[in-house]
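Below you'll find the structure, written out as structure tokens, and then a few comments.
The values are calculated or read from the model by the stated rules, or taken from the named source; none is laboratory data. Note that the coordinates shown come from a computational prediction; the quantities given were computed from them, not determined experimentally. Neighbour counts are summed over all protein chains in view; Cβ atoms, including those assigned to glycine, are modelled from backbone coordinates with ideal geometry. These accessible areas exclude ligands, DNA and RNA; they are computed on the full protein's heavy atoms, side chains included. Shrake-Rupley method; radii C 1.70, N 1.55, O 1.52, S 1.80 Å.
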Amino acid sequence: MRTAYKCRAYPDPEQAAQFNRTFGCVRLVWNKTLAARHEAYHQRGEKTSYKQTDAALTGWKKTQELAFLSEVSSVPLQQTLRHQHTAFANFFAGRARYPRFKNRNSRQCAHYTRSAFRMRDGQLTMAKTTAPLRFVWTWDDVELSTLDPTMVVVSREPDGRWYVTFAVDTDAPEPLAATGHAIGVDLGLKDFAVTSDGDRVANPRKLENKARNLARYQRRMARCQRGSNNRRKAK
């Protein structure tokens, strides 16, 4: 079983610049590979294998135009190819919709496997960086110094906040003892949930509580010129 711990991260300027370059390369590899897959399937009726996308990535790195792909860790780029291959497998199996192109204004992330990071005594050092990445650990019941993640995901939200997520392989939790009592749960709008025992869980109404601020921010964004930095910040 795999569990994950998501923490706020605070990269220094050098680390932030390296991660931003990595995000850009991940986005470029995803979009170019997706465009090539789309063309191969719709124009020639061919499906693209992971091996073909991996060979294409190697070729891109050897060109003068895309030589900068070698300046970032190769692991997030390889993981991008794997994720897209899985996305298409899920699409053809009817489990997901057609993969879409990535946008620079949306959430950005890069996946690092064990060969691209070092975790020692609770300090995390990522590939292509020199200093440990500063983050805030908030799980008091988990000893950080003994954490052995199989994957680390560095992400940046559209509002500029940074996060680091640790994926850890753990044993399946022991199931709770049976109580001998069963209930039915009805989800609704007036009440979030009502049980057959008569218990009611109130609807938090998050959207209604934030609607006034949401409208104010939408008006602010509408007044900004499309494509401007102020509109991006307002968004």
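In the chain, helices alone account for a calculated mean residue ellipticity at 222 nm of -12500 deg cm²/dmol, with every DSSP H run of four or more residues adding -39,500 (n - 2.57). Once the 1.4 Å probe is applied to the protein heavy atoms, the chain comes out at 68 Å² accessible per residue.
Using the Cβ-Cβ distance between D171 and Y98 with R0 set to 22 Å, the FRET efficiency from 1/(1 + (r/R0)^6) comes to roughly 0.05.
Since only M151, L176, F91 are under comparison, the one whose Cα sits farthest along the positive direction of the charge dipole of segment 76-210, derived from C-beta charges on Lys, Arg, Asp and Glu, is F91.
Dipole magnitude for segment 67-142: computed about the Cα centre from +1 point charges on Lys and Arg Cβ and -1 point charges on Asp and Glu Cβ, it is near 380 debye. About its Cα centre, the dipole of the chain is roughly 1880 debye, where the only charges are +1 on Lys and Arg Cβ and -1 on Asp and Glu Cβ. Dipole check for segment 1-95: with +1 at the C-beta of Lys and Arg, -1 at the C-beta of Asp and Glu, and the Cα centre as origin, the magnitude is about 400 Debye. In the chain, the longest principal axis of the Cα atoms and the axis of helix 206-222 are about 30 degrees apart. Remark: for residue pairs K102/K233; K61/K233; K102/K235; K128/K235, the C-alpha separation exceeds 23 Å in K61/K233; K128/K235.
The modelled label-to-label distance for the pair R8/A178, using points 7 Å beyond Cα in the direction of Cβ, is 4.5 nm. Recomputing log10 I(q)/I(0) by the Debye sum over Cα atoms at q = 0.07, 0.17 Å⁻¹ from the coordinates shown identifies the correct label among (i) -0.23, -1.16; (ii) -0.26, -1.34; (iii) -0.36, -1.27 as (iii). The loop-placed GluC sites (Glu not before Pro) in segment 1-108, going by DSSP, that have at most 15 neighbouring Cβ atoms within 10 Å of their Cβ come out as E46, E65.
Ligands, DNA and RNA left out, the 1.4 Å accessible surface of segment 150-235 is 52% carbon and sulfur atoms.
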